[in-house]
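Here's the structure we're looking at; comments come further down.
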Amino acid sequence: MLVQKKRNPALRTASLVWLDEVDGLGWVMDRLIEIIRTSNIDQFDFDLREFAESPQVARYDASDNGHFAWHSDVGEGILARKRKLTLVVQLSEPDSYEGGDLEVMPSAQILSANRGQGCVSIFPSFTLHQVAPVQSGVRYSLTLWAHGPVFR
């Protein structure tokens, strides 16, 4: 099942769908969950308990000024408060669009994620990040969050 969600266009312009119980995605989810768990053990050591939200696929189109301004994935909602790690998979081929870089700011330095199709970026969900405006073409990505007790 695909569920369309709408957002504030000043913050984000994208078409979003959540992948709820889509047949054939089990092996993909198993692989992504294993990547998050391994990364957490190796780098973060967060208290992860569940994957409470379905993966989100975003479509950022240059014709709509596709972008997502600087933000954190930890929010006020019941589930957003419990987000610990964010995983983003680059779905588009890198030469199919211009602009649209995923930029992460873990400190005073801005890092650009690898644009290779299938590349995965993982970072703490409280980290500021953005998708720069897509200048031409269309960028697709998949995002998944790992959840645990609220940060204190």
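Taken over segment 47-95, the criterion of being of a type in the set (Gly, Ala, Ser) and under 24 Å from VAL28 (Cα atoms) is satisfied by ALA52, SER54, ALA58, ALA80, SER92.
If the condition is being modelled with pLDDT under 90 and either charged (D, E, K, R) or under 15 Å from the mean Cα position of the chain (by Cα) (or both), then segment 20-37 contributes ASP20, GLU21, ASP23. In segment 50-61, of all residues being touching a Phe, Trp or Tyr at 6+ places or on another chain (Cβ under 9 Å) and farther than 30 Å from GLU98 by Cα, the one that is surrounded by the most Cβ atoms within 10 Å (Cβ to Cβ) corresponds to PHE51. For segment 119-134, the criterion of being at pLDDT below 95 and hydroxyl-bearing (Ser, Thr, Tyr) is satisfied by no residue at all. Residues in segment 70-87: is at least one closer than 17 Å to SER15 by Cα and surrounded by 12 or more Cβ atoms within 10 Å (Cβ to Cβ)? No, every residue in segment 70-87 fails to be closer than 17 Å to SER15 by Cα and surrounded by 12 or more Cβ atoms within 10 Å (Cβ to Cβ). When ASP95 is evaluated against the numbered criteria (1) free of Cβ contacts under 8 Å to residues at least 12 places away in the same chain; (2) under 15 Å from the mean Cα position of the chain (by Cα), which criterion, by number, is the only one it fails? All conditions are met except number (2).
Could you say which residue among ASP47, ASP101, ASP64 is exposed (fewer than 12 other Cβ atoms within 10 Å of the Cβ) and either among the acidic types (Asp, Glu) or modelled with pLDDT of 95 or more (or both)? Spell out the reasoning first.
Details: ASP101 fails: exposed (fewer than 12 other Cβ atoms within 10 Å of the Cβ); ASP64 fails: exposed (fewer than 12 other Cβ atoms within 10 Å of the Cβ).
Result of the check over ASP47, ASP101, ASP64: ASP47.
For VAL150, the conditions (1) in contact (Cβ under 8 Å) with a residue 60 or more places away in the chain; (2) touching a strand residue (DSSP E or B) at 6+ places or on another chain (Cβ under 9 Å) all hold with the exception of (2).
Please work out if THR127 is polar (S, T, N, Q) and closer than 20 Å to SER15 by Cβ. So THR127 fails the test. Scanning segment 103-137 for residues that are assigned to a strand (DSSP E or B), in contact (Cβ under 8 Å) with a residue 12 or more places away in the chain and out of contact with any helix residue (DSSP H, G or I) (no Cβ under 7 Å at 6 or more places or on another chain) turns up GLU103, VAL104, MET105, SER121, PHE123, LEU128, HIS129, GLN130, VAL131.
Rundown of residues vs (1) in contact (Cβ under 8 Å) with a residue 24 or more places away in the chain; (2) in a helix (DSSP H, G or I); (3) aliphatic (A, V, I, L, M), yes/no style:
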| residue | (1), (2), (3) |
| --- | --- |
| PRO9 | no, no, no |
| SER39 | yes, yes, no |
| PHE46 | yes, no, no |
| ARG59 | yes, no, no |
| SER63 | no, yes, no |
| ALA69 | yes, no, yes |
| VAL88 | yes, no, yes |
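Within segment 11-37, the set of residues being among the small types (Gly, Ala, Ser) and either buried (at least 17 other Cβ atoms within 10 Å of the Cβ) or in a strand (DSSP E or B) (or both) comprises ALA14, SER15.
The values are calculated or read from the model by the stated rules, or taken from the named source; none is laboratory data. Worth saying up front: this structure is predicted, and the values here are computed from it rather than measured. FYI the Cβ positions are ideal-geometry reconstructions off the backbone, even for glycines, and counts take in every protein chain you see.
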